[in-house]
Structure formats: structure tokens, C-alpha cells
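Q: I have a structure I would like to understand better, so I am pasting it below and will then ask my questions one at a time.
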Amino acid sequence: MSESKSSVLEGLWSELLAKIAAMLPEQSFQTWIRPIRPERFDDNTLTLHVPSQFHYEWIDSHYSLQIRQLLGQITGQEIRVRFTVAPKNGACPTRRAPVSLPKARVPAVRAPTPEETQLNPRYVFDNFVEGDGNSFARAACLAIGEAPGKTPWNPLLIYGGSGLGKTHLLHAIGNFALTQKKVARVKYVTSEKYTQEFIHSVKNNRSTDFSNLYRSTDLLLVDDIHFFAAKNRTQSEFFHTFNSLHQAGKQIVLSSDRPVHELDDIDARLISRFQSGLITQISPPDFETRVAILERRADEEGASLSVEVAQFFATHIMSNIRELEGALITLLARAAFHHTEPSIELASEVLREKMGRTVTKPPVEHIQEVVAQHFGLSVDALRGKTRKREIALPRMMAMALATDLTNNSLKRIGQLFGGRDHSTVIHARDTIRELQEKDAFVRETYEALLKRSSRP
Ligand code: ADP
Ligand code: MG
């Protein structure tokens, strides 16, 4: 490449980097954008080099549009973007650590037993419903399951609130890697159990056996690492196990109920190890994902579930999938016991008892207040006639919320919005549904308002 060409490339790239950096969260930037290398710029085509196929797919589906738009802004022309992917033998200079040659599938002498792996065969990728809050975590887990120890993501750390699928994903990686024969030895353990076993081994003078057990695995899955807090000797043991596995190119996957910087009473050396790979968050599922999870679970139980009941649970149980499933299972058991259908009535009885919640529907007026306050409008404006977009959109959201959260008829809702027709309410609801699909701002705002409105 001539000197002028290469400086054009560098200039373009550094300007692009600065613009992307201003747009993305630091973690995403470091994970996805930093490892890209600009290769060539000719024929209005920018060629970028990425470290792996998975990396390419992620960039392509999440950032390629933004990248093209920014390039358009910078050059004033339409720029095509091409990607080249690093060969798998690790020759690519962008890799952080040397990667060993991909081995042939590892034949297990015999398949390890569930007692040895501690894997729960029920938790697999196939029955993990993908949704907004978990799709990146799921993709990363799948990539790790396909090539344990051979991605730059070692360790992988998944964090997120209780009941959001962390344990499910850890087991899914293990089950996948074993059945696909990517590794021969897998071990799943919670940090609580690890701690107990370690203490036990020390007491019985068997700590070497303990160390060997955890250091002789190809894939180590450690759940709930926040439990290591203040257990200094266990932390030190785990630190050495971590290093020994990591140096041998073995894969480590961890989960935590909070982000790394909020882990208290954990040795700084361990924290820095935890931060050295890929960190990914799972957040609570959106409404559609909650409904899909319920439907899939009912299927697994061989039960039929009406859309109404699925939506009812999904509306009232928002931030914990374990609770969501618990409510469903109780409902199905109760329906079977009484030889009745799992009806809405039975469902609200279950919710009332099990969750200790009274399912009072918020009045439409309450929804109007929440929405008005959120957008800095008056309730009168929401009920009024103006069609300005900055009022029309919040008004449509409030109407859609009223149809989602209350049992009022469309006609009644229309009346409560300044005497509008029921067809206006239907239109509002459909418009919001459509925007939710297309527009992250609408989706997130709606979710937040849904939560706020359903609280008294
Ligand atoms: P965590 O470890 O984050 O507390 P779990 O992995 O134990 O959560 O998940 C709680 C329950 O919810 C499990 O039964 C799990 O199978 C189920 N679950 C969580 N996320 C999903 C999902 N995306 N699709 C299907 N089931 C899920
Ligand atoms: Mg868990």
C-alpha cells in the first residue's frame, strides 16, 4: 500500500473509532471495536479485519449499520464495508494471547457421569429462550461451548440478578461441550459447594486431592462467585486453580449476581483475573420473552396454556424467571388436581397466595399520572386534543398500557382519554407494538412505564 493510501486509511479509521467510542458503552467498545484492524481502503470499500467468525457475526448484526452511517458522515460518500476473519490457527496478530491449534474432537474414554460433572441435563441451549436481555450472553456461551479454551474469552463471566438464567447457561455450556465432544472433562460447581469441599478436604488432610480434582478438567463452571466473599483461604486456593487451568488453555466460566466492581471482600488478584476475559450481563426479560418462556415451559409439561394466562403471569411477574416458572407449575398442578382448566381466575388465586401479592389492577388514572410525569406533561394534555408528536406518543403509550394492565374495555379506556373512540385505542395499542419492535427507545420506555404503572 502506498504511503498516502495508508495514511488515508489510518485517518479514516481513527476518526471512525472516535465517533464509535462516543456512542458505545466502554465495555462494548473494548470488546468488539478495539480488536478490529483496518486493512485497506480502496474503491470506496473499507476492509476490516476481525479476530473470529463469531466476532464478525456480532459486528455484522449489531454495528455494521452504524459503522456505515458514520463512514457516510465522515466521507460524505457511501462506503461499503468488508470484513476478513482471522484464520483459526491463531496467526492473527490481533489475538490477545496465543491460541493453540484447534485440536480434533477430543474422544472421551467414557462419557463422564452426572455425579462427576454435576451437570443438570435439563439445562440446555435448546430450551433457553432467547430475548432482549440475554441474547448476547447466550451467544457468548454458545461460542464458548463450541470452542472451550480457544476463544479470547477466558474466563467468561456472566452477571445478573437472581432467576435470570445464569445457572441454566452455565450448565448449557457444559452439556453442549460434552455432547458435541469438544472436551472430555467438565466440572460444574457453585462457589458455596467449592468452599465446603475445600474446608472438608483441609480438615481431612486431603487438600491435594481437592486441588487435583479441580485442576484436571477442561472446562470449569463456577456458579455464584459472589459467595467467595471473605473466604480468604478458599479464594487463594481458587486463585491457583484458576491460574493453573488458564495457563493450560482450559476454559473457565463464572457467574455472579453483581458486576465485578461491586464484588466485596474478594482479593484484588482474583478480581483482576475475573476482568481479564469477557464480561457479559443478563438483564430481566421483556414481556414477549416472558410469555415465550411460559409457553415453552407449559409445552415441556405437556400442558396447554391460554395466551391470556401466559400474558397475565408475564404482566405481573417481571424480574425473576424462577418465580414466573414457579407460578406456572403451581397453576398447572392445581388445575390438574381440580380437573379444571388453568384459567385466569385460578391463575390470579395462585399469584395472590404464592407471591403474597394482591393483584389489584392499577386504575387508568394512575397510568396516566405515571406517563405524564415521566414525560413532563400534564395529565390534561394526555387527555386533551393536541396531536403534537411529543404529546401524541406518550398518549399512545398510556393507552397501550391501559389495555395491557387493566381489564377496562377499549370503549371505557377511550372515554377516560378525553372521550376518544375505541378504534383510537386499538390504533394506539397497535402503533406502540409496532414501534416496540423497531425502536429501542420506545421499547425501553414502555417496559419502564409498565413496571412503574403496575406499582401502586
Ligand atoms: P439464576 O442462576 O440466574 O438465578 P436460573 O438459571 O436458575 O437463574 O434460572 C431460573 C429458572 O428460569 C430456571 O428454571 C431456568 O431454566 C429458567 N430460565 C431462565 N432463563 C430462561 C430462558 N431464557 N429460557 C428458558 N428458561 C429460562
Ligand atoms: Mg443460579
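The values are calculated or read from the model by the stated rules, or taken from the named source; none is laboratory data. Everything quoted here is computed from the prediction, not taken from an experiment. Backbone-built Cβ (ideal geometry, glycine too); neighbour counts: all protein chains shown. Protein only, heavy atoms only, side chains kept; ligands, DNA and RNA dropped before computing areas. Shrake-Rupley method; radii C 1.70, N 1.55, O 1.52, S 1.80 Å.
Q: What do you reckon, is Glu390 among the acidic types (Asp, Glu), open to solvent by less than 70 Å² (accessible area, probe 1.4 Å) and in contact with a helix residue (DSSP H, G or I) (Cβ under 8 Å, 6 or more places away or on another chain)?
A: So Glu390 fails the test.
Q: Is segment 310-332 home to any residue that is within 30 Å of Gln30 (Cα to Cα) and either buried (at least 19 other Cβ atoms within 10 Å of the Cβ) or of a type in the set (D, E, K, R) (or both)?
A: For segment 310-332, residues within 30 Å of Gln30 (Cα to Cα) and either buried (at least 19 other Cβ atoms within 10 Å of the Cβ) or of a type in the set (D, E, K, R) (or both): absent.
Q: Does Leu401 count as in a helix (DSSP H, G or I) and assigned by TED's automatic domain parsing to the domain that holds Leu435?
A: Criteria met by Leu401.
Q: What is the number of the single condition among (1) open to solvent by 70 Å² or more (accessible area, probe 1.4 Å); (2) of a type outside the set (Lys, Arg); (3) farther than 23 Å from Thr289 by Cβ; (4) under 33 Å from the mean Cα position of the chain (by Cα) that Ile426 does not meet?
A: Here Ile426 clears every test but (1).
Q: Which numbered condition trips up Ile266, out of (1) hydrophobic (A, V, I, L, M, F, W, C); (2) more than 20 Å from Ala140 (Cβ to Cβ); (3) touching a Phe, Trp or Tyr at 6+ places or on another chain (Cβ under 9 Å); (4) part of a helix (DSSP H, G or I)?
A: All conditions pass for Ile266, except number (4).
Q: Among residues belonging to segment 429-456 that are among the charged types (D, E, K, R) and open to solvent by less than 60 Å² (accessible area, probe 1.4 Å), point out the one that is farthest from Thr315 (Cα to Cα).
A: Applying the filter and picking the extreme gives Asp439.
Q: I'd like the residue in segment 136-147 that is open to solvent by 10 Å² or more (accessible area, probe 1.4 Å) and not basic (Lys, Arg) and, out of all such residues, is farthest from ligand 2 (Cβ to nearest atom).
A: Ala147
Q: Checking the structure you have, find out if any residue of segment 158-168 is within 13 Å of ligand 1 (Cβ to nearest atom), open to solvent by less than 20 Å² (accessible area, probe 1.4 Å) and part of a strand (DSSP E or B).
A: Yes.
Q: Please indicate, with yes or no, whether at least one residue in segment 208-222 is crowded, with 16+ Cβ neighbours inside 10 Å and within 16 Å of ligand 1 (Cβ to nearest atom).
A: Scanning segment 208-222, I find at least one residue that is crowded, with 16+ Cβ neighbours inside 10 Å and within 16 Å of ligand 1 (Cβ to nearest atom), so the answer is yes.
Q: Of all residues in segment 393-410, which are farther than 16 Å from Tyr446 by Cβ and surrounded by 13 or more Cβ atoms within 10 Å (Cβ to Cβ)?
A: Residues satisfying the conditions are Asn408, Leu410.
Q: Where residues in segment 290-309 are surrounded by 14 or more Cβ atoms within 10 Å (Cβ to Cβ) and among the small types (Gly, Ala, Ser), which of them is nearest to Thr403 (Cα to Cα)?
A: So the residue we want is Ser306.
Q: Right, next: If I filter segment 226-256 down to residues being within 16 Å of ligand 1 (Cβ to nearest atom) and open to solvent by 10 Å² or more (accessible area, probe 1.4 Å), which single residue comes out as nearest to Leu164 (Cα to Cα)?
A: Result: His226.
Q: Now for a different question. Please go through segment 169-209 and give me each residue that is in a helix (DSSP H, G or I), more than 12 Å from ligand 2 (Cβ to nearest atom) and touching an Asp or Glu at 6+ places or on another chain (Cβ under 7 Å), ordered by number.
A: If the condition is that a residue be in a helix (DSSP H, G or I), more than 12 Å from ligand 2 (Cβ to nearest atom) and touching an Asp or Glu at 6+ places or on another chain (Cβ under 7 Å), then Phe198, Ser201 are the ones that fit.
Q: Examine segment 35-52 for a residue that is part of a helix (DSSP H, G or I) and either of a type in the set (Lys, Arg) or open to solvent by 50 Å² or more (accessible area, probe 1.4 Å) (or both), and state whether such a residue exists.
A: no
Q: Residue by residue through segment 131-148, note down the ones that are touching a Ser or Thr at 6+ places or on another chain (Cβ under 8 Å) and part of a loop (DSSP other than H, G, I, E, B).
A: Gly131, Asp132, Gly133, Asn134
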